[in-house]
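Working notes for the structure below.
FYI, it's all coordinate maths here, none of it is from the lab. The shown structure was predicted, so the numbers you read here are calculated from the model rather than taken from an experiment. Don't worry about glycine lacking a Cβ; one is built from the backbone with ideal geometry, like all the others, and counts go over all protein chains shown.
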Amino acid sequence: MVHFRNRIGIEGFNLIFKMSVALHGKTAQESTVLIDTTVQEKNITYPTDAKLAIKIINRLNKLAKHHAVKQRRTYIKEVKNCRLAIRHFRHVKKRTKAKKALTRLRTIANKLIRELQRKLPTHLVFETYQKDFLFYQRVLAQQPKDKNKIYSLHEPNVYVIAKG
């Protein structure tokens, strides 16, 4: 369903909506229309803590590059190695290595947040990026058993509806 919505775009969605209103005639001519979108699929990937940490690291590196902040390290190669170690998370003998890689990713992301808070001009940090930094720290601090988890950085209001 998500791929269909992406393919048709906003214009296609408006066209379908106009056709459905025209199809129902006078009964569809209301001043307000209510649409139930509570269980609508969202365009997000399967949420893992490692994916979120990697996305945060990439966003922080992009932010530093955009503002010409000279970083001590970008950690690109180490993030790549951690990603490769995490793919063995289900293997019994390699689980400890995968857990270490996940904690290392969180550490790297927190280091980059602190470095950007130090090196960016203070008016930029507090006016523009303070909310983002707090959001990233909240994502990095969440545990598997927490309530109200964040599953996606670009759609933070998405939550899981479990059946049963």
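For the reader, a short list of remarks on this structure follows.
- The numbered conditions (1) part of a helix (DSSP H, G or I); (2) over 30 Å from GLU41 (Cα atoms) are all true for PHE133 except (2).
- Pairs are defined by a Cβ separation below 6 Å, a sequence spacing of at least 6 or placement on different chains, a first member in the stretch 114-130 that is among the charged types (D, E, K, R), and a second member that is loosely packed, with under 12 Cβ neighbours inside 10 Å; no pair meets this definition.
- Some residue of the stretch 137-159 being over 20 Å from ILE57 (Cβ atoms) and not in a loop (DSSP other than H, G, I, E, B): no
- Some residue of the stretch 83-104 being in contact with a Cys (Cβ under 8 Å, 6 or more places away or on another chain) and among the aliphatic types (A, V, I, L, M): yes
- Residue in the stretch 143-151 that is surrounded by fewer than 11 Cβ atoms within 10 Å (Cβ to Cβ), over 14 Å from THR48 (Cα atoms) and under 16 Å from the mean Cα position of the chain (by Cα) present: yes
- Selected residue (criterion: farthest from GLN142 (Cα to Cα)) from residues of the stretch 78-109 that are in contact with a Leu (Cβ under 6 Å, 6 or more places away or on another chain) and of a type outside the set (A, V, I, L, M): CYS82
- Only one of the numbered conditions (1) surrounded by 10 or more Cβ atoms within 10 Å (Cβ to Cβ); (2) more than 21 Å from ARG138 (Cβ to Cβ) is violated by ILE35, and that is (1).
- Within the stretch 48-77, restricting attention to residues that are touching a residue at least 24 places away in the same chain (Cβ under 8 Å) and over 24 Å from GLN143 (Cα atoms), the residue that is surrounded by the fewest Cβ atoms within 10 Å (Cβ to Cβ) is LYS70.
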